[in-house]
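The values are calculated or read from the model by the stated rules, or taken from the named source; none is laboratory data. Since we're looking at a predicted model, the values are computed, not measured. Cβ: placed from backbone, ideal geometry, glycine included. Neighbour counts: every protein chain shown.
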Amino acid sequence: MLTGSYYDPWDLCVGLVSEYLDNAAKSGILSSEKWRVDTVDTYDFSGNPTKAGQTAIRILVRPDDESGSTRGFRDTSHSIGGGPRHWEYHVVVEIRCFFVKVTRDKAEGRDIASKVSAAVLSCLSDLVPNLKNIKTADGQWSIIMSAKPYLQGGGIKMTDGGPKRPIKSSQDIVVGFVLRKY
């Protein structure tokens, strides 16, 4: 399933999510849709927010730099000498939509943003059954299952940029994985 070589747990988690989203965006969303996701560089799926006449959608996958029981990364192994260590790693999927000369109506913008969000959440949900045998290039780290909770996040935030700027939306989704260190 993975085509790239990944060398550490962050690289593996971010690479897995970004590759999966990239493939889903290329195949699952028609280019004629207003809410399409244009893909570019690794880990950053971007539309161009300066290009007139189209909706620009940017999806960025990055390591979660927050700390807490369901954020960032943490050791979940509880026994000394109990075999391989288990760790939880979380990544953030940032969804940003810029409605450049497509709409000035917040309701229509929210509708487009919700379709993008639904497509991303569906893609991330489809990823769970495909988590077997995903390892770093050196075989030191492997993803063994999704974390609990697997997906976390809030709703869509709409921002009106004023009379000369387009409205935009943002949403962050936190995705968690359990990894084993060999």
It is to be established whether one or more residues within region 53-73 are surrounded by fewer than 16 Cβ atoms within 10 Å (Cβ to Cβ), modelled with pLDDT under 80 and within 30 Å of residue 160 (Cα to Cα). yes
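Looking only at region 147-164, decide whether some residue is among the charged types (D, E, K, R), at pLDDT 90 or above and surrounded by 13 or more Cβ atoms within 10 Å (Cβ to Cβ).
First, the residues of region 147-164 that are among the charged types (D, E, K, R): 148, 157, 160, 164.
Subset that is at pLDDT 90 or above: 148, 157.
Applying the additional criterion that residues be surrounded by 13 or more Cβ atoms within 10 Å (Cβ to Cβ) yields none.
Scanning region 147-164, I find no residue that is among the charged types (D, E, K, R), at pLDDT 90 or above and surrounded by 13 or more Cβ atoms within 10 Å (Cβ to Cβ), so the answer is no.
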Looking at region 99-121 only, could you name the residues that are surrounded by 12 or more Cβ atoms within 10 Å (Cβ to Cβ), not in a loop (DSSP other than H, G, I, E, B) and not β-branched (Val, Ile, Thr)? 99, 106, 108, 109, 110, 111, 113, 114, 115, 117, 119, 121
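Can we say residue 123 is within 21 Å of residue 20 (Cβ to Cβ), out of contact with any Ser or Thr (no Cβ under 9 Å at 6 or more places or on another chain) and touching a residue at least 12 places away in the same chain (Cβ under 8 Å)? Reasoning before the result, please.
On the way: within 21 Å of residue 20 (Cβ to Cβ): yes; out of contact with any Ser or Thr (no Cβ under 9 Å at 6 or more places or on another chain): yes; touching a residue at least 12 places away in the same chain (Cβ under 8 Å): yes.
In short, yes.
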Every residue from region 1-20 that is modelled with pLDDT under 90, more than 17 Å from residue 124 (Cα to Cα) and either in a helix (DSSP H, G or I) or touching a Gly at 6+ places or on another chain (Cβ under 8 Å) (or both): 4, 6
For region 120-157, give me the residue count where each residue is farther than 17 Å from residue 93 by Cα and either touching a Phe, Trp or Tyr at 6+ places or on another chain (Cβ under 9 Å) or hydrophobic (A, V, I, L, M, F, W, C) (or both). 14
Could you please give the count of residues in region 132-182 that are outside any strand (DSSP E or B) and more than 25 Å from residue 97 (Cβ to Cβ)? 8
For region 21-37, indicate whether the set of residues that are small (Gly, Ala, Ser), at pLDDT 85 or above, surrounded by 17 or more Cβ atoms within 10 Å (Cβ to Cβ) and under 16 Å from the mean Cα position of the chain (by Cα) is non-empty. no
